[in-house]
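A.B. asks: Let me give you the structure first, and then I'll get to my questions.
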Amino acid sequence: MAEPIHYTSFPGFDGTSLEDSFVLEIQATPSRLNITLDLMIGWAHPSYRDPLEGEVACFRKAVIEFPAVRELTWTRQSIIRPAVDASGE
């Protein structure tokens, strides 16, 4: 079996943490999938800045784009509910 490829090996993902990020929106259209998120950025990433007041880490809005989707199967979409943080966002 082939060894899995870690997302940080892709350009732009080095120094990020998807595990600590928050999905804001998922857009699926014919031939395209976009995932908008608050991406956690580590100090080694070129887009890093000191966390804002009240933040525990540096977060940047980002979009992961899959521009040439040939087939997408997404079941149980209706059970996905947005999360709300302590500030109500």
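FYI, it's all coordinate maths here, none of it is from the lab. Remember, it's a predicted structure, so these values are computed and weren't measured experimentally. Don't worry about glycine lacking a Cβ; one is built from the backbone with ideal geometry, like all the others, and counts go over all protein chains shown.
A.B. asks: Points 7 angstrom from Cα along the Cβ direction at residue 70 and residue 5: gap in nanometres?
C.D. replies: About 1.5 nm, to one decimal.
A.B. asks: Next question. Return a whole-number percent for the relative contact order of the chain, with Cα pairs under 8 Å and 6 or more residues apart as the contact set.
C.D. replies: The value is 23 percent.
A.B. asks: Run the simple label-point estimate for residue 31 and residue 61 please: 7 Å along Cα→C-beta, distance reported in nm.
C.D. replies: 2.7
A.B. asks: Also, I was wondering about something else. Subtracting the Cα-Cα distance from 0.36 nm times the residue separation, let me have the gained length for residue 23 to residue 49 in nm, one decimal.
C.D. replies: 7.3 nm
A.B. asks: For region 1-64, which GluC sites (Glu not before Pro) are both in a DSSP coil and crowded by at most 11 other Cβ atoms within 10 Å?
C.D. replies: Hits after loop and neighbour filter: 53, 55.
A.B. asks: A further question follows. Just to be sure I understand: with springs between alpha-carbon atoms less than 10 Å apart, which residue in 15, 42, 54 has the highest mean-square fluctuation in the Gaussian network model of the chain?
C.D. replies: Greatest mean-square fluctuation among the candidates belongs to 54.
A.B. asks: For the chain, report the % of Cα-Cα distances exceeding 22 Å.
C.D. replies: More than 22 Å apart: 40 percent of the Cα pairs in the chain.
A.B. asks: In whole Å, what is the distance between the alpha-carbon centres of region 57-89 and region 6-52?
C.D. replies: Distance between centres, Cα-based: 11 Å.
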